[in-house]
1. Just checking, how many residues over the range 246-257 are touching a strand residue (DSSP E or B) at 6+ places or on another chain (Cβ under 7 Å) and open to solvent by 30 Å² or more (accessible area, probe 1.4 Å)?
2. Contact list please: Cβ distance under 9 Å, first residue in the range 225-237 and in contact (Cβ under 8 Å) with a residue 24 or more places away in the chain and crowded, with 24+ Cβ neighbours inside 10 Å, second residue not in a helix (DSSP H, G or I) and not β-branched (Val, Ile, Thr), pairs at least six apart or on different chains.
3. Counting only residues that are surrounded by fewer than 16 Cβ atoms within 10 Å (Cβ to Cβ) and not acidic (Asp, Glu), how many does the range 178-187 have?
4. Of the numbered conditions (1) open to solvent by 40 Å² or more (accessible area, probe 1.4 Å); (2) at pLDDT 90 or above, Gly190 fails exactly one; give the number of that condition.
5. Can you find a residue in the range 162-173 that is small (Gly, Ala, Ser) and surrounded by fewer than 20 Cβ atoms within 10 Å (Cβ to Cβ)?
6. Open to solvent by 30 Å² or more (accessible area, probe 1.4 Å) and not hydrophobic (A, V, I, L, M, F, W, C), is that true of Arg219?
Amino acid sequence: MSGLTLDGLVSDERTLHGRQRELDAVRGLSVFLMVGAHVFNQFTPLASEPVSEDGFFTIVSKLVGAFPGGAQCFMMVMGMLLLFSTTVTGKNLVKRGFILIVAGFILEFLRALPGMINLAITGTFVSFYPEYSYATNEQLIILTLFWQDILIFAGMALIFLGVVRMFDISDIWVIIVTAVMMIVNEFVAGMDTGNDAVNIILGYFWGTTVFDGNMTTSRFPMFSWIVFPVAGYLIGKRLIRATDKDTFYRTVGKLFLLLSVPFTVAGLFTGMFDTGFTGIGFYHQGILINIWCTLLSFDWIVVMYLVSKKVPSRYMAHLERWSRNITSIYVLHFVVLAVAIQIMPRSFGIIGCIIVFLVLFFVVDAAASYLNKTKKRSVSYVA
């Protein structure tokens with residue numbers, strides 16, 4: 001195979017097959033944390049009133065954004081899991097990518113629908129963006145309908161990787177193209193064409209703003225986030241041929257941890273940890289954050305691998321269930337939240353917020369499990 005190699009760690013033949021416990025654990029925990037972060041954003045004081053830059057909730061928000069096991073790691077694992085499927089072809093990946101993009105826009109409509117019903121009844125559109133409380137109802141509706149959900153970006157990433165597989169593009173060229181997108185992003189992010197519609201379209205590829213220059217629909221722009229699924233894909237190509245998975249994880253994990261040190265130091269001097277993990281700074285990531293998060297996202301996978309070897313199966317089963325039902329959980333939690341923010345107060349204390357989160361997750365977990373069982377029964381009846 002052409003491309004990058006890790007002498008002594010990988011063989012010429014595939015050695016790993018099927019589901020990998022640690023990857024399921026990472027995915028399951030990622031969706032749990034993402035649901036928690038979204039509840040946190042909607043129901044803490046950050047959602048309804050100005051808070052101190054050094055306040056408790058602001059500090060926690062920054063820590064959540066910087067945590068390597070979140071959205072960045074979620075996308076890295078997506079790239080890795082593609083290699084563990086025996087049926088995914090380049091053509092199928094492209095097809096799945098387009099389906100995810102359509103599903104993402106359907107989800108945006110479902111997120112906006114309760115607010116539009118509320119608008120028709122009360123004259124007020126309650127949105128997911130309390131930070132844009134000064135915006136008009138029309139602007140909030142546009143922001144919600146064209147918000148670049150991670151499902152949309154995941155679809156774009158699958159199309160990119162599907163093309164890579166269809167044309168058997170070498171790893172070196174995949175790295176070059178990805179690097180070019182990351183570099184281009186440094187120059188075009190924040191660009192204002194003067195036309196909101198054009199800005200929204202371009203925002204799916206790099207960070208843009210709309211209306212007043214502070215609002216954005218560009219939440220997971222491809223050029224800012226493509227490095228994570230690509231890194232996962234390239235690592236996965238080696239992992240499936242690991243001569244010893246434990247040695248592979250430990251060796252590469254230590255290397256990545258060591259490499260992260262200079263980027264951490266650079267981040268401290270450039271203010272990356274002050275502004276890079278909240279608001280637009282988190283979504284419109286630059287190269288420094290990209291590299292730092294890529295290195296530590298893989299290290300988080302290594303940590304979960306080591307933990308999964310020690311934790312009894314009955315406990316890991318919850319994470320594995322959340323991983324299997326991840327799309328349903330993700331979609332359902334946003335639909336429930338879209339209704340909840342219309343009728344619930346937006347400022348709870350930390351204990352109240354945790355209670356809201358746990359109740360919501362219990363509900364969507366049960367609903368997703370029910371839908372999954374119903375789907376399996378339907379398939380068995382057809383068969």
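The values are calculated or read from the model by the stated rules, or taken from the named source; none is laboratory data. Worth saying up front: this structure is predicted, and the values here are computed from it rather than measured. Please note: Cβ atoms are built from the backbone with ideal geometry, for glycine as well, and neighbour counts cover all protein chains shown. Just the protein is used for accessible areas: all its heavy atoms, side chains included, with ligands, DNA and RNA removed. Shrake-Rupley method; radii C 1.70, N 1.55, O 1.52, S 1.80 Å.
1. Going through the range 246-257, the residues touching a strand residue (DSSP E or B) at 6+ places or on another chain (Cβ under 7 Å) turn out to be 248.
In the following step, the residues that additionally are open to solvent by 30 Å² or more (accessible area, probe 1.4 Å) were identified as none.
Residues flagged as touching a strand residue (DSSP E or B) at 6+ places or on another chain (Cβ under 7 Å) and open to solvent by 30 Å² or more (accessible area, probe 1.4 Å) within the range 246-257 amount to 0.
2. Here the result reads Trp225/Gln285; Val227/Gln285, each pair linking the range 225-237 to a residue that is not in a helix (DSSP H, G or I) and not β-branched (Val, Ile, Thr).
3. Applying the first criterion (surrounded by fewer than 16 Cβ atoms within 10 Å (Cβ to Cβ)) to the range 178-187 yields 179-180, 183-184, 186-187.
Okay, now just the ones that are also not acidic (Asp, Glu), so 179-180, 183-184, 187.
So the answer is 5.
4. For Gly190, the failing item is (2).
5. yes
6. Working: open to solvent by 30 Å² or more (accessible area, probe 1.4 Å): no; not hydrophobic (A, V, I, L, M, F, W, C): yes.
The answer is no for Arg219.
So that you can scan it fast, the table gives a plain yes or no per residue for (1) on the phi < 0 side of the Ramachandran plot; (2) open to solvent by 70 Å² or more (accessible area, probe 1.4 Å); (3) out of contact with any Asp or Glu (no Cβ under 7 Å at 6 or more places or on another chain):
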residue	(1), (2), (3)
Trp292	yes, no, yes
Leu306	yes, no, yes
Leu319	yes, no, no
Val335	yes, no, yes
Ala338	yes, no, yes
Ile351	yes, yes, yes
Phe362	yes, yes, yes
Tyr370	yes, yes, yes
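Table: residues versus (1) over 22 Å from the mean Cα position of the chain (by Cα); (2) within 27 Å of Asp212 (Cα to Cα); (3) among the acidic types (Asp, Glu).
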{"residue": "Asn92", "(1), (2), (3)": "no, no, no"}
{"residue": "Thr122", "(1), (2), (3)": "yes, yes, no"}
{"residue": "Gln139", "(1), (2), (3)": "yes, yes, no"}
{"residue": "Leu161", "(1), (2), (3)": "no, no, no"}
{"residue": "Arg165", "(1), (2), (3)": "yes, no, no"}
{"residue": "Val184", "(1), (2), (3)": "no, yes, no"}
